[in-house]
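I have placed the structure first, in the form of structure tokens, so that the comments after it can refer back to it.
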Amino acid sequence: MAETLEELTYDYEDEGTLVRKELDRAVLTKGSWATIMFLFQELDRAKGKFRPPKMAIVRFKKSKGSYRKQSSFNISNEKQARQIAEVFERWYPKIAEVAAASGGEEADAGEDGADETD
């Protein structure tokens, strides 16, 4: 198990064969609950080639000194990624409007401590 965020990888081997390889990563939040986006490819075993890249958002929980995967969401294609981005663009002005009307501040990383650092 990984003790630091730098040690976490999205690579996965099955019987000595790399079947999922990490191409890039972006750490979104640090702390006891960490969120990392991974850009990765999966092996098409029949063709022996890697498929087009996908993205995953993965949440890790640090417990007893090690990070463990808690949940993940794969973004499988460009269309889905753009749809998610469009919803964010549409919703964030509404969030700011509701927060201002209720006298609160804009939403931040949340109450789960996701914005804490190690």
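Taken together, the values in this text are just the output of simple stated rules run on the coordinates, not laboratory data. A quick note: this is a predicted structure, and the numbers were derived from the prediction, not measured.
Over the chain, dividing the summed -39,500 (n - 2.57) contributions of all DSSP H runs of at least 4 residues by the number of residues returns a 222 nm mean residue ellipticity of -7000 deg cm²/dmol.
Give me the angle, in degrees from 0 to 90, between the Cα long axis of helix 78-101 and the longest principal axis of the Cα atoms of the chain, rounded to the nearest 10. The helix 78-101 is inclined about 20 degrees to the chain.
In the structure shown, the pairs 21/49; 30/64; 21/61; 21/62; 30/94; 21/64 are assessed against 19 Å; a Cα-Cα span above that value is assigned to 21/61; 21/62; 30/94; 21/64.
Can you bin the chain into rounded, prolate or oblate? Criterion: square roots of the alpha carbon gyration tensor eigenvalues sorted a ≥ b ≥ c, rounded for a/c under 1.5, prolate for a/b above b/c, oblate for the rest. Write out the running numbers ahead of the final one.
Values: a/c = 3.94, a/b = 1.48, b/c = 2.66.
Oblate is the answer for the chain, as a/c is 1.5 or above yet b/c matches or exceeds a/b.
Please compute the contact order of the chain in relative form: average sequence separation of alpha-carbon pairs under 8 Å and at least six residues apart, divided by the residue count, as a percent.
On the way: 189 pairs, mean separation 27.4, N = 118.
RCO, the chain: 23 percent.
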